[in-house]
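Notes to accompany the following structure.
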Amino acid sequence: MTLRISQPALSKSVQALESALGVRLFERRRDGVIPTEFGRLVLEHTRGLVQAESELLRQIQLFAGLEAGELKIAFGPLPGALSVYPAAGALLARHPNLRLSLQSVSWREVIHAVVEKEVDLGIAEISGARQDDSLQTELVGEHRAYFLCRAGHPILRNSRVTLAELVGYPWTTTRLPLRMAETLPLATGRAGAIDKLTGDFVPAVDVWSASNVGELIEQSEVLALAPLSLLERQLVSGTVVVVPGGGIDLRSRYGFVYLRSRPLSPAAKVYMAEIRAHEKLVTRHEALLATTYAPARRPARR
């Protein structure tokens, strides 16, 4: 910690405090200074005061205005690939002096960062956060995930692919939460495995950035589980296609996560509005992609 005062001034302040309290707070030795029992007691009680002061300064700075504020955001892989950056660009176009911190982590780490007040706003899978009364959530993105593979993949020999056939190949996606993992068969085969601690589905190729899965499956027999917009370039070029059938409907559901007790700044509110607007555009575009590349089909047999 930087106190921003000189050593003599600090020593004088400590001596004045010791005189007022009538006890010695620190033992001065040749090898340094260590706190006494009284000193440790004072440090323990003042730590909370320092944190409270830091939080007060944060809120004052945040509410000072959009032109000179700072916004810290943590987000999971899928919102990072679909809407976080375009919305940030739109925000900065209107408020170029705003400082942004964009932290890409796993969706479980987003919740931790919000709870620990490391960030002002989280954007991630919200099913777990909804169980915590200290957190406020808002669903903002819901996207259908399709199975995709390279053109010429062996699985395309069948016109109707079953779920049992799908788990015969490795999958790549982000870690799937319990609500999605419960829809998968008990025997996940080569697709991945269920995390015994959390109940999450961990794919065989676990990616923390969903942006480049197209390049991954173009070169292998790995199946991608992703929204169509993430692989639009490959779908248009024909190097990647939607696997027919599958008999499973998986949808991402991510949104805003923030502490109920921590007021949102004007910058956070404006950014949230940009995210909502961009998500509407993505949803409409994905509906068009589905019409072209994944026309409606009857569910395949299991």
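The values are calculated or read from the model by the stated rules, or taken from the named source; none is laboratory data. All values reported here derive from a predicted model rather than from experimental measurement. Positions of Cβ are backbone-derived with ideal geometry, glycine not excepted, and every protein chain shown enters the neighbour counts.
Please go through the stretch 210-239 and give me each residue that is under 22 Å from Gly141 (Cβ atoms) and not in a helix (DSSP H, G or I), ordered by number.
Of everything in the stretch 210-239, those that are under 22 Å from Gly141 (Cβ atoms) and not in a helix (DSSP H, G or I) turn out to be Ala224, Leu225, Ala226, Pro227.
Considering each residue of the stretch 168-180, count those that are under 24 Å from Leu82 (Cα atoms) and crowded, with 20+ Cβ neighbours inside 10 Å, and give that number.
8
Considering (1) in contact (Cβ under 8 Å) with a residue 60 or more places away in the chain; (2) on the phi > 0 side of the Ramachandran plot, say which one Gly199 fails and leave the rest.
Of (1) in contact (Cβ under 8 Å) with a residue 60 or more places away in the chain; (2) on the phi > 0 side of the Ramachandran plot, only one is false for Gly199: (1).
Please enumerate the residues belonging to the stretch 108-134 that are of a type outside the set (Val, Ile, Thr) and crowded, with 19+ Cβ neighbours inside 10 Å.
Within the stretch 108-134, Ala113, Asp120, Leu121, Gly122, Ala124, Glu125, Gly128, Ala129 qualify.
Is it the case that the stretch 59-70 has a residue that's touching a Phe, Trp or Tyr at 6+ places or on another chain (Cβ under 7 Å), modelled with pLDDT of 65 or more, surrounded by 11 or more Cβ atoms within 10 Å (Cβ to Cβ) and not in a helix (DSSP H, G or I)?
Checked the stretch 59-70: no residue is touching a Phe, Trp or Tyr at 6+ places or on another chain (Cβ under 7 Å), modelled with pLDDT of 65 or more, surrounded by 11 or more Cβ atoms within 10 Å (Cβ to Cβ) and not in a helix (DSSP H, G or I).
Which condition breaks for Arg190 when tested against (1) touching a Gly at 6+ places or on another chain (Cβ under 9 Å); (2) closer than 22 Å to Arg130 by Cα; (3) charged (D, E, K, R)?
Here Arg190 meets the rest and fails (2).
Which count do you get for residues in the stretch 17-31 that are at pLDDT below 70 and β-branched (Val, Ile, Thr)?
Result for the stretch 17-31: 0.
If you check Ala88, Ala74, Ala81, Ala124, which single one turns out to be among the hydrophobic types (A, V, I, L, M, F, W, C) and modelled with pLDDT under 95?
Testing whether each residue is among the hydrophobic types (A, V, I, L, M, F, W, C) and modelled with pLDDT under 95 leaves just Ala81.
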